[in-house]
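To keep things clear, I will list the structure first and then write my remarks on it.
The values are calculated or read from the model by the stated rules, or taken from the named source; none is laboratory data. As the structure is a computational prediction, the values presented were derived from the model and not from experiment. No Cβ is skipped: glycine too gets one built from the backbone with ideal geometry, and neighbour counts run over all protein chains shown.
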């Protein structure tokens, strides 16, 4: 089963409560919580908050390493199989939509070719994005219309050269890899906006800037994934003297709210998710009922 929804909606707490009720273990599907040391800014569940429930796929990467959906798929499915093999219930939890689908759905990942990637990145550096986008429009118009940033355009062209198939042909169908139940947390959007602002202020008060400074010394800027995390990219600008802490805090709040809206849009598109009120006093009981 999986617990999904926007950041700040209480997914981690519900997953722990379900694990206690169902003799389960939790599998993390939040991409930024893979990173060791990224604790405050990702609202990573603490050992005390886990209440003795085993958690898998937390703290698996250094900040210099790049998160990989295909690696996660393999690791998450292995963790789920291990949990089920011991007669327990696996509870996937997270707001990274593609990672959730990678664990739950029939989803094929094309390979990579470093030589093709380097050549395309060199062309991007020399001539800009426009020629690559024109090439992608001819090879894969579906991806060209959907992908905006240079990194994804390069990836789509790499896949086309490597496999002869459009990148869009690898997009998942809504077909479970094995039977699953998805519970989504339905939020009051204004209350969530207020909660996210309070949460960011709390992160700052609890030492987010110091955490970013420690991770900067450990190579945070070298990481293609970790350096883009909400809060971390903003407070790197504080360390560089570009912003003050108040500006970084407000920008993090705005970015986090936008991210929550994108998460809701992603998960709302999946008709298989059963939505429950995040503030329902019977939330745990109703969730357990869906899993029996």
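Before moving on, here are some points about what is shown:
- Residues in segment 222-242 that are within 17 Å of residue 35 (Cα to Cα) and surrounded by fewer than 15 Cβ atoms within 10 Å (Cβ to Cβ): 222, 224, 228.
Every residue, every condition in (1) surrounded by fewer than 17 Cβ atoms within 10 Å (Cβ to Cβ); (2) within 19 Å of residue 12 (Cβ to Cβ); (3) in the same structural domain as residue 44 (by TED's automatic domain parsing), yes or no:
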| residue | (1), (2), (3) |
| --- | --- |
| 202 | yes, yes, yes |
| 205 | yes, no, yes |
| 215 | no, no, yes |
| 219 | yes, no, yes |
| 244 | yes, no, yes |
| 255 | yes, no, yes |
| 262 | yes, no, yes |
| 271 | yes, no, yes |
| 285 | yes, yes, yes |
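- For segment 82-155, the helices (runs of 4 or more DSSP H) that sit wholly inside it and include 2 or more residues that are at pLDDT 95 or above and under 18 Å from residue 225 (Cα atoms) are 97-104.
Yes/no matrix, rows are residues, columns are (1) touching a residue at least 40 places away in the same chain (Cβ under 8 Å); (2) more than 22 Å from residue 175 (Cα to Cα); (3) surrounded by 15 or more Cβ atoms within 10 Å (Cβ to Cβ):
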{"site": "91", "(1), (2), (3)": "yes, no, yes"}
{"site": "96", "(1), (2), (3)": "yes, no, yes"}
{"site": "124", "(1), (2), (3)": "no, yes, yes"}
{"site": "145", "(1), (2), (3)": "no, yes, no"}
{"site": "152", "(1), (2), (3)": "no, yes, no"}
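- Of all the residues in segment 1-43, those that are free of Cβ contacts under 8 Å to residues at least 40 places away in the same chain and either in contact with a strand residue (DSSP E or B) (Cβ under 6 Å, 6 or more places away or on another chain) or buried (at least 20 other Cβ atoms within 10 Å of the Cβ) (or both) number 2.
- Test: residue in segment 59-79 that is touching a strand residue (DSSP E or B) at 6+ places or on another chain (Cβ under 7 Å), more than 29 Å from residue 208 (Cα to Cα), in contact (Cβ under 8 Å) with a residue 40 or more places away in the chain and surrounded by 15 or more Cβ atoms within 10 Å (Cβ to Cβ): yes
- A count restricted to segment 5-44 and to residues that are outside any helix (DSSP H, G or I), more than 11 Å from the chain's Cα centre (by Cα) and closer than 17 Å to residue 80 by Cβ stands at 5.
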